[in-house]
Amino acid sequence: RQRQMCIRDRNKILAVSAMVLTFAVASQANAQGFGGGFQGPTISSSTVAEALKMNDDTPVVLVGKIEKNLGNEKYQFSDKTGSIVVEIDDEDWRGQVVKPENTVEIRGEIDKELLGTPEVDVDVIILK
């Protein structure tokens with residue numbers, strides 16, 4: 001009988017520990033993923049024509065339309081000045097559905113290979 005109480009007490013301790021750990025992990029995830037951030041000036045938007053002339057790893061903000069899927073997480077993006085290939089990882093869509101007729105703001109960095117055409121590695125997509 002005493003052994004059964006020890007087992008029950010141990011099971012209660014394990015259950016409470018698991019609950020505490022779950023809440024701690026959830027709180028940490030919420031603090032990192034959905035908390036506040038800087039509010040103030042940011043980089044201004046550029047045109048595709050300007051982006052095509054930028055150096056590798058330059059932060060860029062573009063406003064325009066995603067015209068088509070090129071495969072392998074690459075898309076053709078355009079504004080009134082031209083078009084550029086953008087790479088959008090699946091998780092960066094964040095559940096948004098974007099159609100060719102939608103205007104979006106994309107934020108990312110220029111990815112320029114030695115002899116290749118510049119692309120944009122997208123970090124954030126905002127449906128306008």
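The values are calculated or read from the model by the stated rules, or taken from the named source; none is laboratory data. As the structure is a prediction and not an experimental result, all values here were calculated from the model. We place every Cβ from the backbone using ideal geometry, glycine too, and count neighbours over all the protein chains shown. Side chains included, ligands, DNA and RNA excluded: accessible areas come from the protein's heavy atoms. Shrake-Rupley method; radii C 1.70, N 1.55, O 1.52, S 1.80 Å.
Some values worked out for this structure:
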quantity	calculated
Residue satisfying condition, being open to solvent by 40 Å² or more (accessible area, probe 1.4 Å), of a type in the set (S, T, Y) and part of a strand (DSSP E or B), within set S78, S83	S83
Residues of segment 88-103 that turn out to be open to solvent by less than 50 Å² (accessible area, probe 1.4 Å) and within 14 Å of the chain's Cα centre (by Cα), as a count	4
Among the candidates Q76, Q96, residue that is farther than 15 Å from D121 by Cα, in contact with a Leu (Cβ under 8 Å, 6 or more places away or on another chain) and among the polar types (S, T, N, Q)	Q96
Residue match in segment 112-128 (condition: at pLDDT 95 or above, more than 19 Å from A49 (Cα to Cα) and open to solvent by less than 40 Å² (accessible area, probe 1.4 Å))	yes
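Quick grid of which residues meet (1) at positive phi; (2) basic (K, R); (3) without any contact (Cβ under 8 Å) to a residue 40 or more places away in the chain; (4) in a helix (DSSP H, G or I):
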position	(1), (2), (3), (4)
Q39	no, no, yes, no
T42	no, no, yes, no
D56	no, no, no, no
L62	no, no, no, no
E67	no, no, yes, no
K99	no, yes, yes, no
G116	no, no, yes, no
V124	no, no, yes, no
